[in-house]
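What follows is a single structure, written as structure tokens, with notes after it.
The values are calculated or read from the model by the stated rules, or taken from the named source; none is laboratory data. Small disclaimer: the values here were computed from a predicted structure and weren't measured. As a convention, Cβ positions derive from the backbone with ideal geometry for all residues, glycine included, and neighbour counts pool all protein chains shown. When the accessible area is computed, the model is the full protein with side chains, heavy atoms only, and any ligands, DNA or RNA have been set aside. Shrake-Rupley method; radii C 1.70, N 1.55, O 1.52, S 1.80 Å.
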Amino acid sequence: QVQLVESGGGLVQVGGSLRLSCTAPGSSVGVNFMGWYRQAPGKQRELVASIASGGSTNYVDSVKGRFTISRDNAKNTVYLQMNSLKPEDTAVYYCKVTKFARAYWGQGTQVTVSS
């Protein structure tokens, strides 16, 4: 069982920044997809950003130009740098890692953007 460890959430004012981190234990061998999802109250979980093993990235339209996803394969860690935060970014953020075609989720970290 792969336990993902998330950190970096918190309370920030509109326009502020946060950096989320998610580390998967063990080797990065077999790790392909790494991504961040979010779920706001009363809404479905949505994919915010993802990064493949080759480095290609994908973002939901609402965060393009504000969020940046990156990964450190040596540390088996994925990051989400979030800038110019808006109240609508408030949600629980979950990381997801796919290793040898199996998906693993983090426990979730709360991000709250106050106006």
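A compact table of results
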| item | result |
| --- | --- |
| Strands (runs of 3 or more DSSP E) fully within the stretch 1-113 counting 2 or more residues that are of a type outside the set (S, T, N, Q), open to solvent by less than 80 Å² (accessible area, probe 1.4 Å) and in contact with a helix residue (DSSP H, G or I) (Cβ under 8 Å, 6 or more places away or on another chain) | 46-51 |
| Residues of the stretch 37-76 satisfying the condition of being over 19 Å from Val92 (Cα atoms) and in contact (Cβ under 8 Å) with a residue 24 or more places away in the chain | Ile51, Arg71, Asn73, Ala74, Lys75, Asn76 |
